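Notes to accompany the following structure.
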Amino acid sequence: MSVFFHLLGQGVRDLFRAPWSLCMTIAAITLVSFLGGAFLMLVHNLDLQIGARQGNVQFQVYWQPQTTTEEVREVWAGLSSMEGVVNVRTFTPDQALGVLAESFQNSVDMEWMKGRSPLPPTALVECELPAEDGKKWAASMVERLRALPKVEKVSFNPLQVDLLTSWVGLTRMAFWPVTGFLLVVVALVVGNTIKLALLARREELEILRFVGASRAYIQFPLLVGGAFQGFLGAGLALGLLKLLHNGIEEMFNVPPLWMTISFLPPLHCLVIVATLAAVGVLSSLVALRN
Amino acid sequence: MITISKMSYTFGKQLALKDVNFCMKQGEFVFLCGPSGAGKTTFMRILHGALPVQRGKVDVAGYDLNTLPERRKHLLRRDVSVVFQDFKILTNQTVFANVALPLKVRGIPRHIIEKRVRAVLRSLHLDHKAMSPCEELSGGEQQRVAVARAVVVKPKLLLADEPTGNLDYELSMRMMDIFQQFHKFGTSIMIATHNREIMERMSGARVVTLHDGVMHEGCVETGGGL
Ligand SMILES: Nc1ncnc2c1ncn2[C@@H]1O[C@H](COP(=O)(O)OP(=O)(O)OP(=O)(O)O)[C@@H](O)[C@H]1O
Ligand SMILES: [Mg+2]
């Protein structure tokens, strides 16, 4: 048992004997797994969006600009009890102004318009489409919304769902080729590092063999080295990805998208780390065989 | 301990060993002499599996080298220790680390390693250098490290290729005393050497001679050599 841990430590220590080569490898693995992770995050978020919006459709309702807040609040109260409605977001003229300002990243000062907002009260009504005759139902919904007091205009965009679906189709198609390609790159990089390490230590490994070291004794630390590189690279990449995520989390949380980017779930993170460690081991094995 | 019949070895076109027949019993002490280039090193390298058996049959310490696969060679090497002509020690590591290496790869506990290495270093007058890196040692000292590493595991068979090549008379004789001690405890020993003095010291030992890849029993005057 103590030999096992000794060899485990040996594998990691041996890597640090060539710190530059280790740095370059880790950098390459980090870069590649960062790209892969970012791609996974994209797929994950598209999936979430399609899951949330599948079969749903949004109606944007605009009231006449002169409508008073009291008048419109009364109507809003009744919106969510309408048939098929799953979610309602409402905006008073001032709130709409706030959202507009936010979408300009607050670079335009609209504070002075507070209370005199030229924007009308609006509502975003999200409805679940019935399984059949969705188009017809949507048309009738438009009619019903338009019939509400003081409503000026109702618009809805059935394309939104179609567009999202085609995006998801595209990423699904690209998923395995992209993942495969990135994994091959990682395998080549790790394999090459191990091969260089083998070359630099040829004499030492030969001596180990001559004094009676078993094949496992010699190879195990090298495999640990491969796993460690994959592990470290993947860990760093996930850290960077989290930083990126913090930066862009709220970026698309503006009209009309209203989507928060979510980070990869823990299971995905675990799979990424485990896969890269496994690729590290495999490519070390291949380097050893040759 | 060693049984060889009709063994030949060629490097490319060059014949290094020719139809060698050789037997060595357990506990025997054999000097292998012969001029430079006669094939002594080649012969020893085959015996511990560093070179493959090309032709003939070779059996060492109970292992049939004709069929022993690469992944089981470490078992042979745990019974057969070698002192290499070029030492093959890790020059960037300490004397202690080098001598401890064969014990470490056998998974022997640290405190036993410590005791055995110290004892061997003492008997080879290297104890004061235990913590020096080997690159700071003289040729003779490095040679003694190589010998210490070979004997520390108490091998069944010890193959020593010119183990006194870099030593003065005094140290050569001390080295022979150590070999003799191990021999008394049952280790079979084969020493390749040009050194007549050490052969005379062990006057009872068996001598075989390699000449141009051919093996003869006894000390054959060859005229050449070093
Ligand atoms: N790796 C090699 N490739 C080609 N020829 C070799 C190789 N090793 C040895 N030889 C040749 O085989 C012959 C025997 O060499 P070997 O090293 O066994 O001699 P030796 O008896 O040990 O000599 P010395 O006393 O100088 O150490 C020599 O002629 C040598 O040139
Ligand atoms: Mg030689």
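The values are calculated or read from the model by the stated rules, or taken from the named source; none is laboratory data. Everything numeric in this text was worked out from a predicted model, so none of it was measured. Here the Cβ positions follow ideal geometry from the backbone for every residue, glycine too, while neighbour counts run over all protein chains shown. When the accessible area is computed, the model is the full protein with side chains, heavy atoms only, and any ligands, DNA or RNA have been set aside. Shrake-Rupley method; radii C 1.70, N 1.55, O 1.52, S 1.80 Å.
Normalised Debye scattering of the range A:56-128 at q = 0.11, 0.23 Å⁻¹ gives log10 I(q)/I(0) of -0.31, -1.01, counting only Cα atoms as equal scatterers and leaving out solvent. Taking every Cα-Cα distance in the range B:2-217 and sorting them into 10 Å bins starting at zero, the pair-distance distribution P(r) comes out as 8, 34, 36, 19, 3, 0 percent. In the context of the full protein assembly, A:Leu288 retains an accessible surface of approximately 30 Å², using a probe radius of 1.4 Å and ignoring ligands and nucleic acids.
A:Cys23 contributes about 70 Å² of solvent-accessible surface, heavy atoms of the protein only, 1.4 Å probe. Pairs of Cα atoms in the range B:97-226 fall into 5 Å distance bins, from 0 up to the last occupied one, in shares of 2, 9, 19, 21, 19, 13, 8, 6, 2, 0, 0 percent. For A:Val86 and A:Cys23, the FRET efficiency from 1/(1 + (r/R0)^6), where r spans their Cβ atoms and R0 equals 51 Å, is about 0.45. Relative to the longest principal axis of the Cα atoms of chain B, helix B:110-123 runs at roughly 70 degrees. In this Cβ point-charge picture (+1 for Lys and Arg, -1 for Asp and Glu), the protein assembly as shown has a dipole of about 2280 debye about its Cα centre. DSSP assigns beta bridges within the protein assembly as shown; of those with both partners inside it, close to 70 percent run antiparallel.
Is it possible to state the helix-based mean residue ellipticity at 222 nm for chain B, with each DSSP H run of 4+ residues giving -39500 (n - 2.57), the sum divided by total residues, to the nearest 500 deg cm²/dmol? What is it?
The helix contribution divided over chain B gives -10000 deg cm²/dmol.
Given +1 at the Cβ of Lys and Arg, -1 at the Cβ of Asp and Glu and no other charges, the dipole of the range B:2-217 around its Cα centre is 900 debye to the nearest 20. Per-residue accessible area (protein heavy atoms, 1.4 Å probe) orders A:Arg202, A:Arg209, B:Arg110 as B:Arg110, A:Arg202, A:Arg209, starting from the largest. Counting only whole DSSP H helices of chain A, the ones at least 27 Å long by C-alpha along their axis and with mean Kyte-Doolittle hydropathy no lower than 0.0 are A:19-53, A:159-200, A:215-248, A:266-289. Toward the positive end of the charge dipole of the range B:2-217, with +1 on the Cβ of Lys and Arg and -1 on the Cβ of Asp and Glu, the farthest Cα among B:Asn98, B:Val207, B:Ser123 is that of B:Asn98. Largest first, the residues A:Met41, A:Met251 sort by 1.4 Å accessible area into A:Met251, A:Met41. Residues A:Glu250, A:Glu126, sorted by accessible area with the largest first, give A:Glu250, A:Glu126 [1.4 Å probe; ligands and nucleic acids excluded]. What the Cβ-Cβ distance of A:Arg289 and A:Leu205 gives, at R0 = 22 Å and to the nearest 0.05, is a FRET efficiency of 0.95. In the protein assembly as shown, a dipole from Cβ-located charges (positive for Lys and Arg, negative for Asp and Glu) runs towards its positive end, and of B:Ser81, B:Val20, B:Val147 it is B:Val20 whose Cα lies farthest in that direction. Each residue, B:Asp168 and B:Ile112, gets one label point 7 Å from its Cα in the Cβ direction; the gap between the two is 3.9 nm.
Cβ-Cβ distance of B:Asp127 and A:Ala274, R₀ of 56 Å, FRET efficiency by 1/(1 + (r/R0)^6): the value works out to about 0.70. Label-to-label distance, A:Lys135 versus A:Arg116, with points set 7 angstrom from Cα along the beta-carbon direction: 4.7 nm. Interface of A with B. Using a 1.4 Å probe and counting protein heavy atoms only, the two chains hide about 1500 Å² of accessible surface, both sides summed. The alpha carbon convex hull volume per residue for chain A rounds to 178 Å³. Principal-axis analysis of the Cα atoms of chain B puts helix B:169-184 at an angle of about 80° to the longest axis. Rg and Dmax of the protein assembly as shown, based on Cα coordinates, read 39.6, 125 Å. Cross-link check: pairs B:Lys13/B:Lys88; B:Lys6/B:Lys88; B:Lys25/B:Lys154 evaluated at a Cα-Cα cut-off of 19 Å; pairs beyond the cut-off: B:Lys13/B:Lys88; B:Lys6/B:Lys88. Note on A:Phe228: accessible area is roughly 50 Å² with a 1.4 Å probe, heavy atoms of protein only.
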